[in-house]
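Asker: Encoded as structure tokens, here's the structure I'll be asking about.
The values are calculated or read from the model by the stated rules, or taken from the named source; none is laboratory data. No experiment lies behind these values; they were computed from the predicted model shown. Here the Cβ positions follow ideal geometry from the backbone for every residue, glycine too, while neighbour counts run over all protein chains shown. Each accessible area value is taken on the protein alone, full model and side chains, heavy atoms only, with ligands, DNA and RNA left out. Shrake-Rupley method; radii C 1.70, N 1.55, O 1.52, S 1.80 Å.
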Amino acid sequence: MPIELAPDKLCHICSQNHFNFETTADLPGSAKIIGQPRGTRAIEFGIGIKSQGYNTYVLGATGTGRATAIERFLQDRTRQEPAPSDWIYVHNFTVPHQPRAIAFAAGRGAAFKDKMAALIDQLQIDLPQAFDTDAYQEEIQGVRQGFEQKQTELLQNFQQKAAEQGFALLNTASGFTLTPMMDGSPMTPEAWQQLPVEKRRELDDTRQTLGGELENILHQLRETEANTQQTIKQIDNEVAQKAIQHLFVQLKSEYTANEDVQIYLEAVRQDVLSQIDAFAPPVDKEADIQMDLSRYQVNLLVNNGQTSGAPVIIEQNPTYHNLFGRIEYEMHGGFVSTHFTNIKCGSLHWANGGYLIMNANELMKNPAAWEALKRALKTKEIFVQPSANMDSGQVVAKSLDPEAIPLKVKIILLGSPSMYYLLFSRDEDFGDLFKVRADFDTFMPRDDAHEAEYAQFVATLCHEEGLNHFDRAAVEKMVEFGSRLADHQDKLSTRFGMVADLIREASYWTEVNGRTTVTAADVKQALDERRYRANSVEKQMQEHILEGSRFIATEGAVVGQVNGLTVLDTGDYAFGQPSRITARTFMGEGGVVHIERETEMSGPIHDKGLLTLRGYLGGKYAQNQPLTLTASLTFEQNYGGVDGDSASSTEIYALFSSLSGIPIKQGIAVTGSVNQLGKIQPIGGVNEKIEGFFDVCQARGLTGEQGVMIPASNMDNLMLREDVVTAVKSGQFHIWTIETIDEGIELLTGVPAGVADESGNYPEGTVHHTVQKRLLELAEEMKAFGSED
């Protein structure tokens, strides 16, 4: 028998004073992941196990607030863990294109950068001052004068000897040269030609002898000059060492435990000493020689000085550069160049020593990033390098190959189950790198404990975002909204993204209404406003019905015509609408034909429902006689296609009515799938379907005879609007549940369905008897028609 549901069965309402707080301000915030015991346990396992490859993939639907919940959960669980190291890049004095990476305790990297900057500043003061003393100038001048005296002495002695042998030493642009003398002056070419051959030969021999002596003298002078320069350099080095030694001794003493820093500081000291010429006073006092000190700068790549516990990073756009950092380039004088200070970090650097949360779908949009991430997880190193597209010629410049940074991170990917299965089957590395699977359900049980967690979630969001707090009744409405999202009286939705949106919107309307605490009325207004913003299409379709351009009857009785129910989804809003389903039956052997299927406007699930319908009819009526008929079914005024099998029972009712000639009540709308045995199966969108038909009936005026017939197995899914419940309570609208086709046809026609006897015959005055009789008539008429041919 059909069961008419009482109002208290239509929605699971929270009892008054269900919670023991006045407002959510009385509740503390919580970092707990709500309603996900299986997923939470998996995440705890994933972050607890230290072995390689135990990264986590979180499966679940979007909108469950997974990223925020996991971030909050991890931050709470890892707050007591030590903050990871700072990382810096410094110049590599041995291999300049391979900057060195050095680790520091959290916060000390920034301090070292400041100390190096102070050292550079002090070097620029101390070194020039050291070379600007009278003692230094006198010592250097003495060395240079010694060289000049020796040079003068050697050249003068040689000039005197050459003069005694008739030659002059001339200093020309091309160097020293020996020229014969005549009468105290260099001999002219004409005078040379007038000399006897023997005299010229004698002078050539003398010039050759003197030339050899001159070469020896010049060689001696070059050696003396080199020794002089070496002496000056040694003096410079000694002066510089005295000037900078205390600076480096002091700085080294602060980092005795960091061997990498000790090595780097010694390399800096040696490099400074090798660059003394830039600090020494130039011979030309007007020359402006500036030393390039940029090589001594520190690139503070990661600063964890303000990090509390292990870092928890969410990367919303996991591109290659966002994950691994980048090397920036500069244009100088038309040339592209870079420097180790242009190395920028990525989210992997920030998450190093902690956790990195990413969306799997977004990551897979960047194949280069995914491949590089797998490589980094395998090698446990982060390489900052130009991506593949930069190697293809987009940047024509000398690049850098920075030293890799050790990687210790847990990756948490958020994605759909289908993406997980695809990666697991297609990517051979995925199973080795993501060994932890965390399933996030979209529902959780509705009991006192989970309702309290809902209240805790409301409180936490209000605390974190500074929203108006909710009173007890408002939280009860939020719990009811959670059940509506779950489409189940005994479950709550874990789509906390949508729950959080309603919390924010209710807080907004509270302020608009001039209150400081959110009430149940504010929550209801937020829901009403949300529906109003999104239901333009719904209202247009209702107007077409009310204007009569779309045929939907809500009163009277018609043969072969039933009000089915459909759900339309416009993205962020779904609503139900009645749809007229009609059936025509006549002589023939075409069987049951669905116009939507014949015109390819139906989906595979609907086609399956049609075949199930045929199976039911055959089992019901063709045991002792052939099922000989042609029947045409259609969704009237449907131009957009149809799918799903929730109208299969409705189609059977239309066929029964057409075959029997018994009219169907138009005030009752129907939904429900059917199996081949005539059992009514559950369907989706039951609340939207009921409310859609109710809105049409209410707009026309409720008669007290209208209602909706649903599968009994959908009773727990009812979370109807307050106005529908109120109408049922006043007897103006009805909700019935049925378990079989027979119960449904009895309610729709007011005629007993009938039970077959042992011979398979139904009693007179029943629907099945009338249908069976008509089918026999059609068979006989078809047989007679065939014999006439």
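Here's the yes/no breakdown for (1) hydroxyl-bearing (Ser, Thr, Tyr); (2) open to solvent by 10 Å² or more (accessible area, probe 1.4 Å):
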{"position": "Gln540", "(1), (2)": "no, yes"}
{"position": "His544", "(1), (2)": "no, yes"}
{"position": "Gly548", "(1), (2)": "no, yes"}
{"position": "Ala553", "(1), (2)": "no, yes"}
{"position": "Gly556", "(1), (2)": "no, yes"}
{"position": "Val562", "(1), (2)": "no, no"}
{"position": "Gly571", "(1), (2)": "no, yes"}
{"position": "Arg580", "(1), (2)": "no, yes"}
{"position": "Thr585", "(1), (2)": "yes, yes"}
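Asker: Please return the ranges of strands (runs of 3 or more DSSP E) entirely within the range 36-124 where 1 or more residues are in contact with a Pro (Cβ under 7 Å, 6 or more places away or on another chain) and among the hydroxyl-bearing types (Ser, Thr, Tyr).
Answerer: Here the list reads 86-90.
Asker: For the range 72-88, does any single residue satisfy the condition of being open to solvent by less than 20 Å² (accessible area, probe 1.4 Å) and of a type in the set (D, E, K, R)?
Answerer: Yes, the range 72-88 contains at least one residue that is open to solvent by less than 20 Å² (accessible area, probe 1.4 Å) and of a type in the set (D, E, K, R).
Asker: Evaluate the following for Arg222: is it in contact with a Ser or Thr (Cβ under 9 Å, 6 or more places away or on another chain) and open to solvent by 80 Å² or more (accessible area, probe 1.4 Å)?
Answerer: no
Asker: Looking at (1) crowded, with 19+ Cβ neighbours inside 10 Å; (2) at pLDDT 95 or above; (3) more than 18 Å from Ala103 (Cβ to Cβ), which is the one condition that is false for Lys374?
Answerer: Answer for Lys374: the failing condition is (1).
Asker: Yes or no: Gly556 within 49 Å of the chain's Cα centre (by Cα) and touching a residue at least 24 places away in the same chain (Cβ under 8 Å)?
Answerer: no
Asker: Another question, if that's okay. Going by what's in this entry, would Leu127 be described as among the aliphatic types (A, V, I, L, M), closer than 30 Å to Arg207 by Cα, in a helix (DSSP H, G or I) and out of contact with any strand residue (DSSP E or B) (no Cβ under 9 Å at 6 or more places or on another chain)?
Answerer: No, not satisfied.
Asker: Next up: Can you pull out the strands (runs of 3 or more DSSP E) entirely within the range 317-376 that have at least 1 residues that are more than 25 Å from Leu423 (Cα to Cα)?
Answerer: 330-332, 335-337
Asker: Within the group Ala784, Ala712, Ala756, Ala727, which residue is more than 30 Å from Gln525 (Cα to Cα), of a type outside the set (D, E, K, R) and either in contact with a Leu (Cβ under 9 Å, 6 or more places away or on another chain) or touching a residue at least 60 places away in the same chain (Cβ under 8 Å) (or both)?
Answerer: When all the criteria are applied, what remains is Ala712.
Asker: State whether one or more residues within the range 302-311 are of a type in the set (A, V, I, L, M, F, W, C), buried (at least 22 other Cβ atoms within 10 Å of the Cβ) and in contact with a Pro (Cβ under 9 Å, 6 or more places away or on another chain).
Answerer: There is at least one residue in the range 302-311 that is of a type in the set (A, V, I, L, M, F, W, C), buried (at least 22 other Cβ atoms within 10 Å of the Cβ) and in contact with a Pro (Cβ under 9 Å, 6 or more places away or on another chain).
Asker: In addition: Restricted to the range 427-477, and to residues that are outside any helix (DSSP H, G or I) and among the polar types (S, T, N, Q), which residue is surrounded by the fewest Cβ atoms within 10 Å (Cβ to Cβ)?
Answerer: Thr442
Asker: Can you run down the residue pairs with Cβ atoms below 7 Å, 6 or more apart or on separate chains, where the first is in the range 455-477 and more than 16 Å from His18 (Cβ to Cβ) and the partner is hydroxyl-bearing (Ser, Thr, Tyr) and part of a helix (DSSP H, G or I)?
Answerer: From the range 455-477, the pairs are Cys462/Thr24; Leu467/Ser507; Asn468/Ser507; Asn468/Thr510; His469/Thr24.
Asker: Suppose we filter the range 497-522 for residues that are open to solvent by less than 20 Å² (accessible area, probe 1.4 Å), closer than 25 Å to Lys689 by Cα and in contact (Cβ under 8 Å) with a residue 40 or more places away in the chain; how many remain?
Answerer: Residues that pass the stated criteria total 1.
Asker: State which residue is nearest to Thr737 (Cα to Cα) when the search covers only the range 614-669 and only residues that are over 48 Å from the mean Cα position of the chain (by Cα) and aromatic (Phe, Trp, Tyr).
Answerer: Tyr653
Asker: Given the condition more than 30 Å from Leu400 (Cβ to Cβ), open to solvent by 40 Å² or more (accessible area, probe 1.4 Å) and not in a helix (DSSP H, G or I), answer yes or no: does some residue in the range 155-162 qualify?
Answerer: Among the residues of the range 155-162, not one is more than 30 Å from Leu400 (Cβ to Cβ), open to solvent by 40 Å² or more (accessible area, probe 1.4 Å) and not in a helix (DSSP H, G or I), which makes the answer no.
Asker: Still on this model: Restricting to the range 751-787, what's the tally of residues that are part of a loop (DSSP other than H, G, I, E, B) and either open to solvent by less than 20 Å² (accessible area, probe 1.4 Å) or more than 20 Å from Glu651 (Cα to Cα) (or both)?
Answerer: 14
Asker: Can you name the residue in the range 604-636 that is assigned to a loop (DSSP other than H, G, I, E, B) and in contact with a strand residue (DSSP E or B) (Cβ under 7 Å, 6 or more places away or on another chain) and is also nearest to Gly684 (Cα to Cα) among such residues?
Answerer: Per the criteria, the residue is Glu636.
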